[in-house]
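Scroll down for the structure; my scribbles are underneath it.
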Amino acid sequence: MGVEKAKQHWRNLVARYGALPVVWCVAGEANLPYYQAKGFPYDDRAQVKGWTEVTQYLRQLDPFHRPITIHPTGIGRLSARNAIDDLSLIDIDMLQTPHGEREALPPTVRTVRESYASQPVLPVINGEAAYEMLNGKIPAAWPRAMFWVCMMNGAAGHTYGANGIWQCNREGEPHGPSPTAGSPPTGYGAIPWDEAMNLPGSQQIGFGKQLLAQYPWQRFTPHPDWAAYAHAPVLRFEGAQWIWFPEGKPASDAPTERRFFRKTFVLPGGRAVEGARLRISADDKFTPYVNGELAGSGADWKAGGQFDNFARLLKPGENVIAIIGENIHSNVPANPAGMIATCEVRFAGGDAMTLHSDATWHASKAEATGWSKAGFDDSTWAKALTIGEYGAAPWGRIGAGGNEAVGPQSAGITNGVRVIYVPQNESILIRSLSAGTTYGATYFDPVTGAKTGLPPIKGDNAGGWTCPPPPGVNHDWVLILEPRA
């Protein structure tokens, strides 16, 4: 299009819309080259130079002096500060953080914190974060989490995105190959816009907005020191082995089918169980049960899944962890399969029992009635085949680095209200409570928008208090603390 035609385009936009209370976004993916450019994608500084000239023209042209921002791409620093050569031309630092699930949380937190702390000071808004149902995969939990971690780290607002809306998909008529003719026929997914507009993530983010709007949220500042997990939130796979049903060489290729795994263990009588956690990954899908009760599911083997606080399902004597692992068809010459798991049961007093996937697990090709419950006779099942230690090929050290969990995210007003978002269903340690102050405490469910009051609390001599997760909840949660007179 070129700089001169872009200027003409902006002259038309200002003439048409400038009298309205708008915010101008000068460009999308401003530091990205054309999709079919040689070497695509890369951080294109020539594009940045051109868009900087267009932005300067817009600043001089607009008689209403509307706020200006620019949209960056997901390369390099994920901020508008990386998408323009003259920061004095923009009024808002817009971000684009990764699309994804758990693995997208750490870079999102890091990016928001960097921009919030940068000079010159600009309000920060994440303009593109984990579109719900992108590629038909991202569930509501992750757009919801992006909202909370951004707002708790100083963002001045947030943008919810859903696949199907930005593509303007229609029923039976998706956007088409995107971004190039060689892309899949449905581009980033085929969900139509009128279905996408009712995805649950938008409502859940709306609940979050309604909660924050009850307080002077514009005065909130981030306080990462206010809360931490009471226990290490992420179990490690070290010590566990990749296992599968004994057939062929599953590390190289395996049938695209489901396999069933069981591990029986015994808990001593007279020992109170304080908590229990289970971390799993399977190439490709995993569904765990504890004593016959569904604990969750997951389909991202690179990150795995962690299922917490199922202590209520355990009992003295025999217990069982049962897992469905499913290898999904993929258009590749060879399709490996494997499952890996670590379970920790914590007892009152601080000691713990740890179980790892290994050759002592039982495996089956077929599902049987009652197979996920304790007491099921699995003596006819095969011993699981061990494929390799954690870190072995073809999977490597999954969940390491950027895939680790993010801790509690806190914001509020010193000596005033505190809002603490907890990404995992874990107990948290609250810090820096004022001596002698009584606090009203409230659970907020970010999925339903429901509030549940707790008895008033006080910190200990060190200003600390341990808060358990809400009963009956198996997802992220929010705690609100308000000092009482």
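The values are calculated or read from the model by the stated rules, or taken from the named source; none is laboratory data. Please read these numbers as outputs of a predicted model, since none were measured by experiment. So basically every Cβ, Gly included, is an ideal-geometry build from the backbone, and we count neighbours across all protein chains shown.
A few comments on the model shown:
- Residue within segment 422-431 that is surrounded by 14 or more Cβ atoms within 10 Å (Cβ to Cβ), within 24 Å of His231 (Cβ to Cβ) and at pLDDT 95 or above present: yes
- Residues (closer than 14 Å to Ala337 by Cα and in contact with a Pro (Cβ under 7 Å, 6 or more places away or on another chain)) located in segment 364-394: Leu385, Ile387, Pro394
- The one condition in (1) of a type in the set (Gly, Ala, Ser); (2) at pLDDT 90 or above; (3) over 30 Å from Ala37 (Cα atoms) that Gly161 fails to fulfil: (3)
- Candidates Asn335, Asn327, Asn331, filtered to the one that is farther than 30 Å from Leu212 by Cα and without any contact (Cβ under 8 Å) to a residue 60 or more places away in the chain: Asn331
- Whichever residue in segment 404-421 is outside any loop (DSSP other than H, G, I, E, B) and among the β-branched types (Val, Ile, Thr) and, among such residues, is surrounded by the most Cβ atoms within 10 Å (Cβ to Cβ): Val419
- Within segment 432-457, the set of residues being of a type in the set (Gly, Ala, Ser), under 30 Å from the mean Cα position of the chain (by Cα) and either loosely packed, with under 12 Cβ neighbours inside 10 Å or assigned to a strand (DSSP E or B) (or both) comprises Gly440, Ala441, Gly453.
- Condition met for Pro250 (over 20 Å from Phe376 (Cβ atoms) and crowded, with 21+ Cβ neighbours inside 10 Å): yes
- When Leu95, Leu105 are checked against the criterion of being surrounded by 13 or more Cβ atoms within 10 Å (Cβ to Cβ) and not in a helix (DSSP H, G or I), a single residue qualifies: Leu95.
- Segment 438-465, residues that are at pLDDT 95 or above and polar (S, T, N, Q): Thr438, Thr442, Thr448, Thr452
- The sole residue among Ala485, Ala400 that is at pLDDT below 90, exposed (fewer than 15 other Cβ atoms within 10 Å of the Cβ) and farther than 21 Å from Ser281 by Cβ is Ala485.
- Tally of residues being at pLDDT below 95 and of a type in the set (Ser, Thr, Tyr) across segment 1-54: 3
- Of the strands (runs of 3 or more DSSP E) lying entirely inside segment 279-395, those carrying at least 3 residues that are under 25 Å from Pro255 (Cβ atoms) and of a type in the set (A, V, I, L, M) are 317-326, 338-347.
- Scanning segment 30-60 for residues that are touching a residue at least 60 places away in the same chain (Cβ under 8 Å) and within 28 Å of the chain's Cα centre (by Cα) yields one hit, Tyr35.
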